[in-house]
């Protein structure tokens, strides 16, 4: 694993991600664990193989209002997190692990990372009621721990429409809590990379 202190969303950042499975997409191939890969995982494998073969980005550029909201509010959420917990959050950059990698939203001290979700009131309320992180992001959180080698990840849900004392919800996930998930991730990811290799060979065969 190599950490590159690069600005996320920059040209260099996109170049580093080319042809690699990234933690934000780990859930795609973790679905149906123990069974054959579904169509979303197969499409993702083709995307990665094509990036390897051509050196060009093929990642879906799809964006919607919720995603744009997240990008706009992420700096606000990060600042509030820093003020609330009296910490400094440094650049998440990119953790290059060879065939895969990770871009956490920020690094905290020497042992933690954060994942920020700026969400709608309904989603924020569901997270508050659940009393834990949104399970839809379990594999992204596991990916953060796995790729960075750090000890914990804070899942941060932010919603400015809520009362001030409830705008920021933070649930910490420690490495010890995710031992089984980390084992499953390593196993399934290796199978997924094999699929990518097979597709790459077919694409580049003479």
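Consider residue 81 carefully, then state whether it is buried (at least 18 other Cβ atoms within 10 Å of the Cβ), within 22 Å of residue 186 (Cα to Cα) and either in contact with a strand residue (DSSP E or B) (Cβ under 8 Å, 6 or more places away or on another chain) or modelled with pLDDT of 95 or more (or both). In short, no.
So in region 1-31, with the set limited to residues that are without any contact (Cβ under 8 Å) to a residue 24 or more places away in the chain and touching a helix residue (DSSP H, G or I) at 6+ places or on another chain (Cβ under 9 Å), which one is nearest to residue 105 (Cα to Cα)?
The initial filter retains those residues of region 1-31 that are without any contact (Cβ under 8 Å) to a residue 24 or more places away in the chain, namely 9-12, 15, 25, 28, 31.
Still in the running and touching a helix residue (DSSP H, G or I) at 6+ places or on another chain (Cβ under 9 Å): 9, 25, 28, 31.
On the way: 9: 12, 25: 15, 28: 20, 31: 23 Å.
That would be 9.
Residue pairs whose Cβ atoms lie under 7 Å apart, sitting 6 or more positions apart in sequence or on different chains, and linking a residue in region 118-136 that is at negative phi to a partner that is part of a loop (DSSP other than H, G, I, E, B) and surrounded by fewer than 16 Cβ atoms within 10 Å (Cβ to Cβ), are 121/161. Considering region 92-118, the residues that are surrounded by fewer than 21 Cβ atoms within 10 Å (Cβ to Cβ) and modelled with pLDDT under 95 include one that is farthest from residue 167 (Cα to Cα), namely 110.
Has region 150-162 got any residue that is part of a helix (DSSP H, G or I) and crowded, with 20+ Cβ neighbours inside 10 Å? Even if it seems obvious, please write down each step before you answer.
Kept after step one, since they are part of a helix (DSSP H, G or I), are these residues of region 150-162: none.
No, the conditions are met nowhere in region 150-162.
Somewhere in region 170-188, is a residue within 28 Å of residue 35 (Cα to Cα) and part of a loop (DSSP other than H, G, I, E, B)? Checking region 170-188: not a single residue is within 28 Å of residue 35 (Cα to Cα) and part of a loop (DSSP other than H, G, I, E, B).
Inside region 20-61, residues that are under 27 Å from residue 90 (Cα atoms) and either modelled with pLDDT of 95 or more or under 15 Å from the mean Cα position of the chain (by Cα) (or both) make up a count of 9.
When region 106-122 is examined, which residues are found to be in a strand (DSSP E or B) and either under 14 Å from the mean Cα position of the chain (by Cα) or under 17 Å from residue 5 (Cα atoms) (or both)? It would help to see each step written out before you state the result.
Quick first cut of region 106-122, residues in a strand (DSSP E or B) only: 106-108, 112-118.
Across region 106-122, the qualifying residues are 106, 107, 108, 112, 113, 114, 115, 116, 117.
If you go through region 131-144 and keep only what is surrounded by 13 or more Cβ atoms within 10 Å (Cβ to Cβ) and farther than 18 Å from residue 113 by Cβ, you end up with nothing.
Looking at residue 167, is it surrounded by 17 or more Cβ atoms within 10 Å (Cβ to Cβ) and within 16 Å of residue 30 (Cβ to Cβ)? So residue 167 fails the test.
The values are calculated or read from the model by the stated rules, or taken from the named source; none is laboratory data. Note that the structure is a prediction, hence the values are computed from the model and not measured. Positions of Cβ are backbone-derived with ideal geometry, glycine not excepted, and every protein chain shown enters the neighbour counts.
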